[in-house]
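Everything on this sheet refers to the single structure shown next.
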Amino acid sequence: MVKSNVNALGIVFPNIYDKLVSELTSERLMASIPFGSRYRMIDFVLSSMVNCGINNVAILVRENYFSLLDHLGSGREWDLTRKNGGLNIFPPFAQKSMGVNGGRIEALASILRFLQSQKEKYVVMCDTHIAMNFDFKALIDAHIASGADVTAAYTREELPENALKSETTSGDSYFTFDLDGDRITKININSKKTGVQNYGMNIYVMEREQLIDTIHTAFVSGGVYFERDVLVPRIEELKICGYEYTGYISRISSLKGYFDENMKLLDDQNLEQLFSGNSIYTKIRDDNPTRYIGDAKASNVMVADGCVIEGEIENSILFRGVKVGKGAKVKNCILMQDTEIKAGANLEYVITDKKVTVTEDKEVKGTDTFPVFVAKRQTI
């Protein structure tokens, strides 16, 4: 792992945007969604942080977090098993007069004592809906050089179609920025503008002491959402700068978007851009190498370890432990861990969650615009 002296604490919000992919988050959170045949979405954030020398990370879970705890364990795979710092997972915070924390301000207010006890000068906050190989050190260096109070990362891209059409609630808001040079002059919430936008990545850096003061003031004033209740009303008072990220990203904003972003990784150029440079770490599962038996055929696929292929697979992504029976055909599909496709089945444009069984000779077909989703542990 890359080691450098980055004087920053990482804070991760793993539940933000769960509702955008409700099919995948009924029993897990956004951070735990499988991606790219063997990873989970949180792997990209954690790996990017530790690769840049951020070795003190707080994860503020809200609900459906059992799978995340199982995946992260003690943080050993990310070199975050430490006496000082390391991986800190905070359970959901709630009061009788209110539900479990709904926004960043409430979540951060619940760990103010923890923040006060830390020694890092800076705090980096981010969500887990983007797969990326991000250089947090470059972001922090830009923040220091600009003298900003807050620096927000963004990409230059068009907004996804579902964002333009949806009636987004506050908890699932997205943000675009108007800039004058590097300075953000306006934060647009749920903009419907078409064309290329300065599309916020929900990655922010600021000084830890300033964050503590900001959150305390916002919380006692009834604030819930960091962007809406802190950044927007103080846009002229605070110096908020933008940091353009030009690397490859996979942004998950819908089930169709999830399907498309996975499929893009079948293009070697996209795969190379996402995984080149620093390593992406994940939980180790000891599996045998994938076996291709008899008349098995594979074309343009990404296949994890532990799979057994006796049929035909094409333009598909298979996670660990998937079995494809004799005579079965799988095309343009995402098959998650331990899915079993029985002999003679025919699948096209299908997403199966973990431990799904497709019975013999069953035909299941979606389309490129509407892939069929099969929920966890279902037999069809």
Practice task
Answer yes or no: is there a residue in segment 114-122 that is surrounded by 24 or more Cβ atoms within 10 Å (Cβ to Cβ) and out of contact with any Asp or Glu (no Cβ under 7 Å at 6 or more places or on another chain).
Solution key: no
Practice task
Taking the options R208, R251, name whichever one is crowded, with 17+ Cβ neighbours inside 10 Å, under 30 Å from S316 (Cα atoms) and either modelled with pLDDT under 95 or in contact with a Phe, Trp or Tyr (Cβ under 9 Å, 6 or more places away or on another chain) (or both).
Solution key: R251
Exercise for the section: For R28, indicate whether it is of a type in the set (D, E, K, R) and touching a strand residue (DSSP E or B) at 6+ places or on another chain (Cβ under 7 Å). Expected result: no
Exercise for the section: Filter segment 123-153 down to the residues that are among the polar types (S, T, N, Q) and in contact with a strand residue (DSSP E or B) (Cβ under 6 Å, 6 or more places away or on another chain), then identify the one that is surrounded by the most Cβ atoms within 10 Å (Cβ to Cβ). Expected result: T151
Practice task
Could you list, in sequence order, all residues of segment 37-92 that are assigned to a loop (DSSP other than H, G, I, E, B), in contact with a Leu (Cβ under 9 Å, 6 or more places away or on another chain) and within 26 Å of L266 (Cα to Cα)?
Solution key: S37
Handout entry: Filter pass, I280 being in a loop (DSSP other than H, G, I, E, B), closer than 25 Å to S254 by Cα, of a type outside the set (F, W, Y) and touching a helix residue (DSSP H, G or I) at 6+ places or on another chain (Cβ under 7 Å)
Key = yes
Handout entry: Among (1) assigned to a helix (DSSP H, G or I); (2) more than 26 Å from the chain's Cα centre (by Cα), the one test that M263 misses
Key = (2)
Practice task
Please list, ordered by first then second residue, the pairs with beta carbon atoms under 6 Å, 6 or more apart or interchain, first in segment 216-240 and in the same structural domain as S110 (by TED's automatic domain parsing) and surrounded by 14 or more Cβ atoms within 10 Å (Cβ to Cβ), second assigned to a loop (DSSP other than H, G, I, E, B) and of a type outside the set (D, E).
Solution key: V224/G102; V224/G103; Y225/G103; D229/G223; K239/A148
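Matching residues to (1) under 15 Å from A152 (Cα atoms); (2) free of Cβ contacts under 8 Å to residues at least 40 places away in the same chain; (3) not in a loop (DSSP other than H, G, I, E, B):
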| residue | (1), (2), (3) |
| --- | --- |
| T194 | no, yes, no |
| N198 | yes, no, yes |
| M201 | yes, no, yes |
| Q210 | no, no, yes |
| G242 | yes, no, yes |
Exercise for the section: Output the qualifying pairs, or none if there are none: Cβ atoms under 6 angstrom, residues six or more apart or on different chains, first residue in segment 75-89 and under 14 Å from G53 (Cβ atoms), second residue part of a strand (DSSP E or B). Expected result: L80/G86; L80/L87; G85/N56
Practice task
Would you confirm whether any residue within segment 254-263 is touching a residue at least 12 places away in the same chain (Cβ under 8 Å) and exposed (fewer than 15 other Cβ atoms within 10 Å of the Cβ)?
Solution key: no
Practice task
Quick one: count up the residues across segment 333-350 that are surrounded by fewer than 23 Cβ atoms within 10 Å (Cβ to Cβ) and either assigned to a strand (DSSP E or B) or among the polar types (S, T, N, Q) (or both).
Solution key: 4
Problem - Filter result for the condition that a residue is in the same structural domain as V205 (by TED's automatic domain parsing), modelled with pLDDT of 85 or more and over 24 Å from G223 (Cβ atoms), over G73, G85 - result: G73
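The values are calculated or read from the model by the stated rules, or taken from the named source; none is laboratory data. Only a predicted model underlies this, so the values are computations on that prediction, with no experimental measurement involved. FYI the Cβ positions are ideal-geometry reconstructions off the backbone, even for glycines, and counts take in every protein chain you see.
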